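Below: one structure, written as structure tokens.
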Amino acid sequence: MTTEQIKQILVGTSVTLRMIAENPEYQKIIKSETFNTSNDLTLSDAIQAINEIWDGIVNHEYEQALNKAEDLSEQNNPFI
């Protein structure tokens, strides 16, 4: 699996979770007195975590590209 595919899956998952969170039936479920999670987590927490992972991957890609550009610049600089 490529990095782009991973990012696409993360975006798709985030969109799907947002659709569920906005669904009236889901809203009824979470508002009921019998609904709870063991850690008080919500879909918003999951969406935020996925978005932060996506951001981390993008930042990693940026840093990798920046380091590669710096390496190339140093290799082509006759004054170093």
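The values are calculated or read from the model by the stated rules, or taken from the named source; none is laboratory data. Note that the structure is predicted; figures quoted are calculated from it, not measured. Quick reminder, even Gly has a Cβ in these numbers, built from the backbone with ideal geometry, and neighbours come from all protein chains shown. Each accessible area value is taken on the protein alone, full model and side chains, heavy atoms only, with ligands, DNA and RNA left out. Shrake-Rupley method; radii C 1.70, N 1.55, O 1.52, S 1.80 Å.
Applying 1/(1 + (r/R0)^6) with R0 = 35 Å to the Cβ-Cβ distance of residue 31 and residue 57 gives a FRET efficiency near 0.55. Report the full-extension gain for the segment residue 21 to residue 38: residue separation times 0.36 nm, less the Cα-Cα distance, to one decimal in nm. So the extension gain works out to 4.3 nm. Residue by residue, segment 16-33 carries 3J(HN,Hα) couplings of 4, 5, 5, 4, 5, 4, 8, 5, x, 5, 5, 4, 5, 4, 6, 7, 6, 5 Hz when phi is fed to the Karplus relation 6.51 cos²θ - 1.76 cosθ + 1.60 (θ = phi - 60°); x denotes Gly or Pro. When all protein chains stay in place and ligands, DNA and RNA are ignored, the 1.4 Å accessible-area order of 38, 14, largest first, is 38, 14.
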